[in-house]
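Right, one structure below, let's go through it.
The values are calculated or read from the model by the stated rules, or taken from the named source; none is laboratory data. Note that the coordinates shown come from a computational prediction; the quantities given were computed from them, not determined experimentally. Glycine also receives a Cβ, built like all others from the backbone with ideal geometry; neighbour counts cover every protein chain displayed.
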Amino acid sequence: MKAEAVTHAAPRARDVADADTAVTALYRGHALGLMRLALIMVGDRPTAEDVVQDAFLGLHRRWGHLRDRENALAYVRSTVLNNCRSVLRRRRLTPRGRHEPPVWSAEAAALVGEERREVIRALQSLPARQREALVLRYFCELTEEEIARTMRVSRGTVKSTTSRAISALGRILEGGER
Amino acid sequence: MNAIEERLKDSLGAVAETFPAEAVPDLRLPARRLALSRRLVPLIAAGAVAAATAGVAVALPDATPRHRTPQVTAVPPLGQAAIPPRYYLAAVVPDRIAVYETATRRKVARTSIGGVTRLAGTGDGRTFFAMTDQGAHRFYRIRITDKGKVAETTPVPVKVESGSVVAFAASGDGTKLALVLQLGVTNGTPKPDTMRGAVEVADLTTGTTATWRSSAQGLVQSVAMDPTGRTVAFDWQTLGRDHVSQIRALDVTSKNTDLLASRIMVRTATFGAVSGPLAFSPDGRSIAAIGQSEKGGVQIVRYPVTPGPRPRVLLSARPGGAAEFGALAFDPTGTNLLFEGGGYPVSRLANGTVTLLGDRKDADVESAAAW
């Protein structure tokens with residue numbers, strides 16, 4: 001994935017030295033939220049951890065090239081989402097038996113409850129873009145502009161995608177449609 | 001916030017809570033090493049060449065990676081290969097497509113098409129097709145000028161019969177697309193008991209499609225179309241104990257709609273086939289595919305289309321490199337092969353020499369490329 005905020009200037013030595021501290025601080029502050037986001041998207045904790053670790057390693061590698069470090073969180077969030085897409089795509093293309101996310105394990109099922117699992121199942125039946133828009137809006141609580149930046153689409157697309165997704169979710173939950 | 005939104009928010013929160021704060025692992029940053037500025041690399045390389053010419057042994061700093069594969073070069077070797085196509089298109093899936101100049105690796109243009117998952121070229125170096133997957137599969141024809149600028153991005157209406165499109169290829173004249181469809185996958189979850197493969201050929205001039213479905217359970221994941229557009233090659237794999245892995249050739253004039261009535265081109269007896277892209281040579285007499293060595297290594301293998309000549313290993317994946325490949329494409333001379341995967345970014349392979357074209361570090365992110 002290539003970030004919008006990447007320049008082609010050579011990294012300065014000081015930047016490389018700062019990267020460890022800055023990226024570690026960002027990780028401490030946001031790893032939990034991002035891992036939960038990845039968990040919702042991919043369904044299991046080990047994969048979610050890997051996805052987020054990879055995103056932060058990518059950020060660390062590119063730290064010297066970042067033009068706007070204030071947006072490092074947006075960059076890493078976008079990478080997490082992209083990595084989740086890759087994971088889901090690989091699963092779809094290389095089926096080796098049915099994938100049962102631990103979200104549906106007995107322990108998790110007890111914690112989440114059947115009614116909420118029904119909502120998550122309905123969410124998972126939506127197209128990928130609609131699913132992502134809903135998770136970013138209602139779990140990450142991002143604004144339309146932030147969602148647009150994360151998904152690399154226009155604000156109008158976010159608005160229409162979210163609206164369509166909510167309608168579709170409503171139809172599935174209320175009508176049992178699949 | 002309406003009732004649905006409230007239910008969704010509550011459910012997402014509940015699932016998120018199953019990941020407790022104390023379960024977050026520590027960040028594992030790589031050990032620090034001496035990083036060379038990109039501007040210094042050419043100078044060091046030039047110095048090394050000068051020193052070598054003068055017969056002086058060059059000692060590189062300890063931090064310089066020593067595991068580099070000998071056949072890999074950063075610049076095309078002189079006189080070893082036919083001149084490759086001037087441009088290639090690449091996209092780090094699912095990013096936007098950019099046009100790159102092969103010789104300089106310089107990005108010369110960028111398209112506005114986002115969410116690209118697959119790319120295919122017709123072989124003329126100027127006409128390409130892209131597939132996007134943003135809820136629905138959409139196809140676009142892209143034409144570039146002699147200067148590498150994007151002259152046209154036209155949506156191409158292709159009616160997908162059913163299932164999910166996992167790969168596609170274009171005919172040499174750009175009038176046909178061959179799609180491979182995976183049937184029996186619901187919401188990204190494969191159901192082995194209903195899983196079928198299908199090949200659909202769309203005629204872009206008439207808007208008609210023809211579909212061949214497998215009569216048995218299995219997977220089709222990659223496709224190539226010979227330059228005449230008459231033969232479609234695809235991989236066929238079955239799951240379970242009697243695992244079968246084949247590359248088959250489908251005659252698109254065949255009236256038999258059973259995909260498995262097609263001819264078996266390659267069996268796994270010699271090389272274990274693994275899933276990956278396919279590419280016909282420009283003369284249509286051989287096909288490049290991803291194979292597996294007896295020791296389990298992943299390779300790019302050139303198989304003859306008709307029985308006789310022995311398959312030839314073109315390249316072995318880097319040790320520890322990802323086994324997945326995202327792209328394979330011959331140039332019109334059949335000498336240069338564009339590929340991505342096996343631990344390599346988008347690269348050119350000619351006469352056993354790899355020239356790195358992409359400088360992407362995320363080797364695990366799939367990439368689409370064509371020329």
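Going by what's in this entry, would B:THR228 be described as outside any strand (DSSP E or B) and loosely packed, with under 15 Cβ neighbours inside 10 Å? Yes: the conditions hold for B:THR228. Looking only at residues in the range B:204-256 that are aromatic (Phe, Trp, Tyr) and touching a residue at least 40 places away in the same chain (Cβ under 8 Å), which one is farthest from B:PRO277 (Cα to Cα)? Checked the range B:204-256; the qualifying residue farthest from B:PRO277 (Cα to Cα) is B:TRP212. Looking across the range B:132-146, just one residue is surrounded by fewer than 16 Cβ atoms within 10 Å (Cβ to Cβ) and within 11 Å of another protein chain (Cβ to nearest Cβ), and that is B:ALA136. Scanning the range B:88-106 for residues that are more than 20 Å from B:PRO332 (Cβ to Cβ) and assigned to a strand (DSSP E or B) yields B:ALA91, B:VAL92, B:ALA98.
When you go through A:ALA22, A:ALA31 one by one, which is the residue that is at pLDDT 80 or above, among the small types (Gly, Ala, Ser) and surrounded by 18 or more Cβ atoms within 10 Å (Cβ to Cβ)?
On the way: A:ALA22 fails: surrounded by 18 or more Cβ atoms within 10 Å (Cβ to Cβ).
Residue meeting the stated conditions: A:ALA31.
Can you name every residue in the range B:310-323 that is at pLDDT 75 or above and part of a loop (DSSP other than H, G, I, E, B)? Walk me through it before giving the result.
Initially, the range B:310-323 is screened for residues at pLDDT 75 or above, giving B:310-317.
Residues satisfying the conditions are B:ARG310, B:PRO311, B:ALA317.
Name the strands (runs of 3 or more DSSP E) wholly within the range B:107-207 that hold at least 1 residues that are small (Gly, Ala, Ser)? Give the derivation first.
Working: elements: B:107-110, B:116-121, B:127-133, B:137-144, B:150-156, B:164-170, B:176-183, B:196-203.
Passing ranges, in order: B:107-110, B:116-121, B:127-133, B:150-156, B:164-170, B:176-183, B:196-203.
A Cβ distance below 7 Å, combined with a sequence gap of six or more or placement on separate chains, defines the contacts here; from the range B:1-28, residues that are over 14 Å from A:ARG117 (Cα atoms) reach residues that are of a type in the set (Phe, Trp, Tyr) in the pairs B:GLU5/A:TYR138; B:LEU27/A:TYR27; B:LEU27/A:PHE56.
Can you say whether B:THR122 is of a type in the set (S, T, N, Q), surrounded by fewer than 16 Cβ atoms within 10 Å (Cβ to Cβ) and touching a residue at least 24 places away in the same chain (Cβ under 8 Å), as far as the supplied structure shows?
Working: of a type in the set (S, T, N, Q): yes; surrounded by fewer than 16 Cβ atoms within 10 Å (Cβ to Cβ): no; touching a residue at least 24 places away in the same chain (Cβ under 8 Å): yes.
When the stated conditions are applied, B:THR122 does not pass them.
Taking the listed residues A:ALA48, A:ALA108, A:ALA74, the one that is of a type in the set (A, V, I, L, M) and at pLDDT below 75 is A:ALA108, with no other qualifying.
Can you tell me which residue among A:VAL87, A:VAL80, A:VAL52 is among the aliphatic types (A, V, I, L, M), under 20 Å from A:LEU134 (Cα atoms) and more than 10 Å from chain B (Cβ to nearest Cβ)? Working first, answer last.
Details: A:VAL87 fails: more than 10 Å from chain B (Cβ to nearest Cβ); A:VAL52 fails: more than 10 Å from chain B (Cβ to nearest Cβ).
Unique residue meeting the criteria: A:VAL80.
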